[in-house]
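Visitor: Pasting in a structure now, in structure tokens, and then I'll have a few things to ask.
Values in this text are rule-based calculations from the coordinates and carry no lab data. Since this is a predicted model, take the numbers as computed values, not measurements. Here the Cβ is made from the backbone with ideal geometry for all residues, glycine too, and neighbour counts use every protein chain on show.
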Amino acid sequence: MRRLAPYQSGLWLAEYGDVRCQLCRIYRSTPQSHLPQNQPSAIPPNNHSFFTKLRQHVNNRFDSGLLCSDCHNSIVWLPKSFDVDITAGTSLSIQAATYYDYPIRQAIRAFKHHEDMTKLPLLLHALRQLPRPQGCHRDNSVIVAMPTTNQRLVKRGFDPVSILAAQLSKHWQIPLWNGVERIDNTVSQQGLTRAERLGNLDNAFALVETPPAKRLLLFDDVATTGASLQALARTLYLQTLPLGASVSSSSDNPYKLQAFTLAHGSQY
């Protein structure tokens, strides 16, 4: 039997076992008088379909979201997408699920820097607001999570971006692809100006295998200036150009790039 990672177990419990809003902790969109009473279950505990029926039971009574409607409306404002240049005449569109503001900012920091998995359901709820790009599906697209370095992975002990990307992959039904590596010679982007961020990321990525699909959906947890996604896109764009193709002509590259992020805004 396949074992679930701790965060997967927590997400399952938050989504199907906890009927409270993951932010205000009040019941999700359902008056207390309408909540099911503690009655003996008609499903035997040893029935192999117990969890399937339990999931159906919960889904029939509660919203599929993890927040109540008031909390949802207070934090989920899909920002307008913005563009960053990849090369002359070619740009990358970046779409965020929400703004890097309270309470998302505090939840992201707790999740990334303190491995606080209790904040993951809130982040997942916001992440699910990202609409799947039109025309993208599992046969023509892959999600490219912002890669981390071995040094950072050892120091942190886990990769928060890959966890979020895996949840987005599940939501969109589009596979992940790990064909890009990050070179371990850059410093943290926090506190740097845009020019410093771009310089810091020069030659920070390398393509290690040919992409298996023509539509590459880049993902990062937070985009402030968009410099990290810009550098990743530039590596993918330049290293997938056919031999002899023009760098400045997007029509010469058979791959189409878009970028997505959980939150957009200043880190201060």
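Visitor: Calculate, in nm to one decimal, what VAL19 and LYS80 gain on full extension: separation in residues at 0.36 nm each, minus their alpha carbon distance.
Guide: 18.8 nm
Visitor: Just add up the charged neighbours of PRO103: K/R +1, D/E -1, any other residue whose Cβ is under 11 Å from the Cβ of PRO103.
Guide: +2
Visitor: Take each of the peptides 255-265, 168-178, average the number of other beta-carbon atoms within 10 Å over its residues, and list them starting from the highest.
Guide: By packing density, highest mean first, the sequence is 255-265, 168-178.
Visitor: At 0.36 nm per residue, and after removing the present C-alpha to C-alpha distance, how many nm does the segment from THR118 to GLN173 gain when stretched out fully?
Guide: Using 0.36 nm per residue and subtracting the Cα-Cα distance, I get 17.4 nm.
Visitor: With a cut-off of 18 Å, note down the residues of the stretch 98-112 whose backbone N falls inside the zone around a label point 7 Å from the Cα of GLN134 toward its beta carbon.
Guide: none
Visitor: Need one number: nm distance between label points at ARG152 and ALA245, each 7 Å from Cα along Cα→Cβ, rounded to one decimal.
Guide: Computed distance between label sites ARG152 and ALA245 equals 2.7 nm.
Visitor: Would you be so kind as to identify which of VAL247, ALA259, PRO121 lies farthest towards the positive end of the dipole of the stretch 76-264, taking Lys and Arg as +1 and Asp and Glu as -1 on Cβ and the Cα centre as origin?
Guide: So the residue we want is PRO121.
Visitor: Looking only at the stretch 202-245, which residues have a backbone nitrogen under 17 Å from a spot 7 Å from the Cα of ILE183 in the C-beta direction?
Guide: Under cut-off, by backbone N: 202-209, 228-240.
Visitor: For the pair SER266 and VAL208, how long in nm is the line joining their label points, each one 7 Å along Cα→Cβ?
Guide: For the pair SER266/VAL208, the computed spacing is 3.8 nm.
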